[in-house]
Amino acid sequence: MSRVRSAFAAAGIAEPALDARILLLDASAIDATELAIRPERPVGEAGAERILAHARRRLAGEPVWRILGEREFWGLTFWLSPDTLVPRPDSETAVEAALRALPRRDAPARVLDLGTGTGCLLVAVLHERPEAFGIGLDRSPGAAMTARRNAVRNGVGDRAALIVGDWAGALSGRFDLVISNPPYIPAPDLAGLAREVREHDPRAALDGGADGLDAYRAILADAPRLLAPGGALVLEIGIGQADDVGALAFARGLRLDETRADLGGIPRALTFR
Ligand code: GLN
C-alpha cells in the first residue's frame, strides 16, 4: 500500500492515499477495517499483479473508478461505460432535492430523468420511492443500456424504462418529477478540466456549449408541458450558474422553489415548480 501511495504522490495524483486504498481493497479479499488494522497484509500473487496493472493505469491518468468499472452513489453501486460520466458525490444533492419534492415515500409518482447516463439519479430516486415509476432518457444508446443494467442491478428494473432520445422533444405525458444533470461545462473551459475528467469522461456529457447553458435551454423548452400539476423540476447546475439558469426557467414560467448546496457549500441543485 505504501509503495503504491508513494508512487501516486510522486506523480502528483490529487489523492494518492485514497486511490491506493481503493485499488488495494479491490485486489484483496478484505474489508476497509481489516486494511486499516494491517495495512501491509500480503495480498497474494494474483492480487499483487492486479494492483500493479491498475496502478500503472492510474499513473497514466485514468481515474480509479474507470479502472474498476463501477462507482458507489447514494449507497448503491453503478456500472460505468465510456458513454457515461462517473457519478459524482455532488450529484447526491440533486437526489436530496428530488426527495424533498416527492415528500411521501409511499406515494405513486412519475419520474423523468433527462440525460440519465449511468442512471444514478433515476435509480436513487426510485430506490427511495418504492411506488414510483420512472423513465430515463439519454441521447447515447450505450448510456441508456448502462442505465438499464444499473436499474436492474439495484433492484428497480421493473419500475424503470430507459429510452434513447434527444432531450424531451419527442416525449409527452406528465411527470411529478423531472430531474436532470445535463452537460454544463462552458466549451471554452473543457480544456482546463482535470485530466481524469477531460480524458476519461465523455465530452458529450460535459460540453454545455459556448456559455454552458445549451442543455438548460433545451430542457426548459419542454419542461413546463411535462410537469404534472404540483410537479417539480430539479436541475443540477455548475459553479456560478444559479442566476442564469434561474432566469431561463423564470422566462418559461417556472418558479424557483429551492436552492440546495452541495457539501462544499456550492449551490448545486435548483428546484422549480
Ligand atoms: N460536475 C462535472 C464536472 O465538473 C460536470 C458534469 C456535468 O457537466 N454535468 O466534472
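The values are calculated or read from the model by the stated rules, or taken from the named source; none is laboratory data. In this text the structure is predicted, and so the values were computed from the model without any measurement. Note that each Cβ is placed from the backbone with ideal geometry, even for glycine, and that neighbours are counted across all protein chains shown. With ligands, DNA and RNA removed, areas are computed over all heavy atoms of the protein, side chains included. Shrake-Rupley method; radii C 1.70, N 1.55, O 1.52, S 1.80 Å.
The number of residues in the range 154-172 that are open to solvent by 90 Å² or more (accessible area, probe 1.4 Å) and under 19 Å from residue 125 (Cα atoms) comes to 1.
Quick check on the range 72-97: of everything there that is open to solvent by less than 50 Å² (accessible area, probe 1.4 Å) and free of Cβ contacts under 8 Å to residues at least 40 places away in the same chain, which residue is farthest from residue 22 (Cα to Cα)? My answer is 95. In the range 226-244, the qualifying residues are those that are part of a loop (DSSP other than H, G, I, E, B) and aliphatic (A, V, I, L, M), and the one that is most open to solvent (accessible area, probe 1.4 Å) is 239. Of all the numbered requirements in (1) at pLDDT 90 or above; (2) open to solvent by 40 Å² or more (accessible area, probe 1.4 Å); (3) within 22 Å of residue 70 (Cβ to Cβ); (4) part of a loop (DSSP other than H, G, I, E, B), residue 13 misses one, and that requirement is (2).
Could you check the range 201-211 and list, in sequence order, the residues that are over 28 Å from residue 79 (Cβ atoms) and either among the β-branched types (Val, Ile, Thr) or out of contact with any helix residue (DSSP H, G or I) (no Cβ under 7 Å at 6 or more places or on another chain) (or both)? Matches in the range 201-211: 211 only. Taking the conditions (1) open to solvent by 70 Å² or more (accessible area, probe 1.4 Å); (2) within 16 Å of the ligand (Cβ to nearest atom); (3) not aliphatic (A, V, I, L, M) in turn, residue 252 satisfies each one other than (2).
For first residues located in the range 25-36 and closer than 17 Å to residue 2 by Cβ and modelled with pLDDT under 85, partners that are charged (D, E, K, R) and crowded, with 16+ Cβ neighbours inside 10 Å and lie 6+ apart or on another chain with Cβ distances below 7 Å form the pairs 35/21.
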